[in-house]
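Here is the structure we will look at.
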Amino acid sequence: MTRRSLRAVQGAALVAAGAMALSACGSSGTKPATKVAADYAYGSIPAPSSTVKPGGVLHIAEDTGAGPTWIFPITPGAQSSVYDINQFQYLSWRTLYWSPKGATPDWDYSRSMTDGKPTVSADGKTFTIKLNGKYTWSDGSKVSANDVLLDFYLYRAGVKESAANAGNYTPGQFPDNVTAATAVDDQTVTFTFDKVYNPDWVLGTEFAQLIPLPAKAWAKSSATGATLDFTKPANAKAIYDFLAAQSKNLATYATNPLWQVVDGPYKISTYNSSTNATNFVANTAYTGEGKPNISELDFLAYTSPTAEFNDLQTGKLDFGYVKSDNWPQLDKLKANNYNVYGLPDFGFGYMYFNFKNTTNGWDKAINQLYVRQAFAHLQDEDAEIKGIYKGLAAPAYGPLGVAPKSPYTPASALTNPFPYSADAAKKLLTDHGWTVVPNGTTTCTSPGTADNQCGAGITKGQNLDFTFYYTSTPKSEGQMVTAFAGNLKQIGVNVTLKTDTFNNIIQNQSVVSSPKLDNTWGMAAFGGFTENIYPSTINLFNTGGSYNQGGFSDKNIDTLINNSMLSTDSSALGKEITAVDAALPGIFQPNEDRVYAWSPKLSGSTDSFAASTQFMLNPEDWYFTK
């Protein structure tokens, strides 16, 4: 999870509860009394078996409706999902700095290409990274400083063409803020920045994006072209354009020789461009952490969580996620001696507002904090955790939830600032010039900018009705959104609900990637994001951020994000998170357990299975026992 990535909602509902039923569950506290541990973990991971059977084919489930569609490791925003990056690209191309460490949000230097943090010059601007020499390309050559630089220069060329060409890019930051990048020797690279930055921010946000690329094989502008000097901007552009074009050609993923040059434990062998199902074979030249004992990975595509669960139950799948649609049937898997384990991932889910939709003055209304606060009071997390997830979820009131724990989580993030209350929501609107008509249509009856009026740009008679797009799977997202929409009716807000796939929503309900559709939606929900080890909300909620799906903008938040980036004050990041929680760029949702099940024939290190709950796959640490 070393790069921030989009993630689909992880689970689905246990019970078919209607909108009002969820609210009626009450708000009496969210700590689960049964089934989960203090860290909200479900189940346990068995100790590794001492019996290792070499070879075999591991059958793994792809997440429903979220198959990988981009192989080149400089990933556009529209494809920047954990399914394209963490569970697809990372099998073949490793990050310079690897995280998490098992399920803990920390650096795993045993899997990294360097043994520690960069050293920083006396003036605080130059960072030196020493490679550890552990990783080699499948042609036998060592991963080198030149390979790190190829990634940097191609990244720079790509975002110069379009900011949308890299999901983690924000103008003015990496790579724009690097004034010099140099290979000191074959195993040492330096980056000099334009000013002094917080070293933890540089590592967790800037260098976390680096994925060394095979310069000897990829530094060319055509399949038969000569190797080019990629430090020259024109050459870097030509190389980037060639590789990006190859990545768009999904049908050639398995046959294109470019994608066979890898430093990871597996390389692609087949790819179905219709279903996105994929096969990988072991990279016999792999020299990194772990040993790919399993000879082949067979990633199967599914159109529904139930179909995938059925294959787990019959033994067709060796490893797969269990969405909460099927949590009531977990005992069936246990009866087959399948191992079952779940834990919330280090990330967040949310329903986000569209601040750019001018239809019916929606942008003017939703830019009013009191309107967002009223909406927030109508999400009942306690009821959702109890009724939908049966306790298998942790509360989250902002981008850092209650679990997994981070040293940067402020105390304010551990309690709900907007507990469920239709009365509180109604009062916020009536105190600001709205006439609330429960189960009818609430309208602004006192336009103006005084404290007791609707606010700038809101017209007399304007309502708060809007269209809400949400992912069609799993059921839990639909139940949370439907419950929220039902609760909004209590204050006279009418919501038109529309469903779509994860891949379509991250592309279409985004002011970044599809501004032409801005006036067609008011809120959306596809799931959420994984977090960086240094979990600043840069790119997410800063003005113009590459993942700022709804176009949220707040000058104070921008200032605090900059402080987290530039200041060495240990409290800077906590202040940023606290302010984001209060500003409500979206309505944050419970962070449910990501539950996986695997065959009793499959074993491996405890950390490798725990990492799967964080959307990371480490099959190089797995093996069959019989």
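Some observations on this one:
Residues are listed down the side, and each one gets a yes or a no for (1) under 27 Å from the mean Cα position of the chain (by Cα); (2) modelled with pLDDT of 95 or more; (3) hydrophobic (A, V, I, L, M, F, W, C):
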| position | (1), (2), (3) |
| --- | --- |
| Tyr286 | no, yes, no |
| Glu289 | yes, yes, no |
| Leu300 | yes, yes, yes |
| Gly315 | no, yes, no |
| Gln329 | no, no, no |
| Leu333 | no, yes, yes |
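- Selection count, segment 98-137, where residues are touching a strand residue (DSSP E or B) at 6+ places or on another chain (Cβ under 7 Å) and within 30 Å of Lys248 (Cβ to Cβ): 2
- Residue list for segment 487-497, filter: open to solvent by 10 Å² or more (accessible area, probe 1.4 Å) and either under 18 Å from Gly440 (Cβ atoms) or among the small types (Gly, Ala, Ser) (or both): Lys489, Gln490, Asn494, Val495, Thr496
- Unique match (being surrounded by 18 or more Cβ atoms within 10 Å (Cβ to Cβ) and at pLDDT 95 or above) among Gly457, Gly461, Gly433: Gly433
- Taken together, the residues in segment 94-110 that are touching a Gly at 6+ places or on another chain (Cβ under 7 Å) and surrounded by fewer than 23 Cβ atoms within 10 Å (Cβ to Cβ) amount to 1.
- Segment 230-249: number of residues that are closer than 22 Å to Ala180 by Cα, open to solvent by less than 50 Å² (accessible area, probe 1.4 Å) and not in a loop (DSSP other than H, G, I, E, B): 5
- Residues in segment 502-527 that are at pLDDT 95 or above, crowded, with 24+ Cβ neighbours inside 10 Å and touching a helix residue (DSSP H, G or I) at 6+ places or on another chain (Cβ under 7 Å): Gly522, Ala524, Ala525.
- Considering only residues in segment 396-430 that are surrounded by fewer than 16 Cβ atoms within 10 Å (Cβ to Cβ) and within 20 Å of the chain's Cα centre (by Cα), the one that is farthest from Ile385 (Cα to Cα) turns out to be Pro407.
- Of all the criteria given as (1) at pLDDT below 95; (2) open to solvent by 10 Å² or more (accessible area, probe 1.4 Å); (3) under 16 Å from Ile587 (Cα atoms); (4) not polar (S, T, N, Q), the one not satisfied by Leu369 is (1).
- Out of Asp139, Asp123, one residue alone is closer than 16 Å to Trp259 by Cα and charged (D, E, K, R). It is Asp139.
- Hey, Thr473 buried (at least 22 other Cβ atoms within 10 Å of the Cβ), under 23 Å from Gly527 (Cβ atoms) and polar (S, T, N, Q) or not: yes
- Strands (runs of 3 or more DSSP E) contained in segment 542-626 and holding at least 1 residues more than 23 Å from Asp345 (Cα to Cα): 622-624
- Residue match in segment 117-126 (condition: in contact with a helix residue (DSSP H, G or I) (Cβ under 8 Å, 6 or more places away or on another chain), among the polar types (S, T, N, Q) and either free of Cβ contacts under 8 Å to residues at least 24 places away in the same chain or within 30 Å of Asn283 (Cα to Cα) (or both)): no
- Test: residue in segment 275-286 that is touching a Pro at 6+ places or on another chain (Cβ under 7 Å), open to solvent by less than 30 Å² (accessible area, probe 1.4 Å) and within 30 Å of Asp518 (Cβ to Cβ): yes
- Enumeration of residues in segment 34-65 that are in a loop (DSSP other than H, G, I, E, B), of a type outside the set (Ser, Thr, Tyr) and over 25 Å from Ala396 (Cβ atoms): Pro46, Ala47, Pro48, Val52, Pro54, Gly55, Gly56, Glu62
- Residue, nearest to Met616 (Cα to Cα), within segment 321-331, restricted to residues that are outside any loop (DSSP other than H, G, I, E, B), touching a residue at least 40 places away in the same chain (Cβ under 8 Å) and not aliphatic (A, V, I, L, M): Tyr321
- Meets criteria (under 20 Å from the mean Cα position of the chain (by Cα), within 30 Å of Phe207 (Cβ to Cβ) and part of a loop (DSSP other than H, G, I, E, B)) for Gly528: no
- Qualifying positions in segment 572-604 - farther than 30 Å from Asp380 by Cα and not aliphatic (A, V, I, L, M): Trp598, Ser599, Pro600, Lys601, Ser603, Gly604
- Residue within segment 352-365 that is open to solvent by 60 Å² or more (accessible area, probe 1.4 Å), part of a loop (DSSP other than H, G, I, E, B) and modelled with pLDDT under 95 present: no
- Test: residue in segment 10-24 that is within 22 Å of Glu531 (Cβ to Cβ), modelled with pLDDT under 50 and open to solvent by less than 20 Å² (accessible area, probe 1.4 Å): yes
Listed here are the residues, each with its yes/no results for (1) of a type in the set (Lys, Arg); (2) touching a strand residue (DSSP E or B) at 6+ places or on another chain (Cβ under 7 Å); (3) part of a loop (DSSP other than H, G, I, E, B).
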| position | (1), (2), (3) |
| --- | --- |
| Thr179 | no, yes, no |
| Trp201 | no, no, no |
| Gly225 | no, no, yes |
| Leu228 | no, no, yes |
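- Leu58 meets the conditions (1) open to solvent by less than 20 Å² (accessible area, probe 1.4 Å); (2) touching a Gly at 6+ places or on another chain (Cβ under 9 Å) in every case but one. The failed one is (2).
- Residues located in segment 529-565, provided they are among the small types (Gly, Ala, Ser) and at negative phi: Ser536, Gly545, Ser546, Gly550, Ser553, Ser564
The values are calculated or read from the model by the stated rules, or taken from the named source; none is laboratory data. As the structure is a computational prediction, the values presented were derived from the model and not from experiment. Using ideal geometry, Cβ is built from the backbone for each residue, glycine included, and neighbour counts are taken over all protein chains shown. Each accessible area value is taken on the protein alone, full model and side chains, heavy atoms only, with ligands, DNA and RNA left out. Shrake-Rupley method; radii C 1.70, N 1.55, O 1.52, S 1.80 Å.
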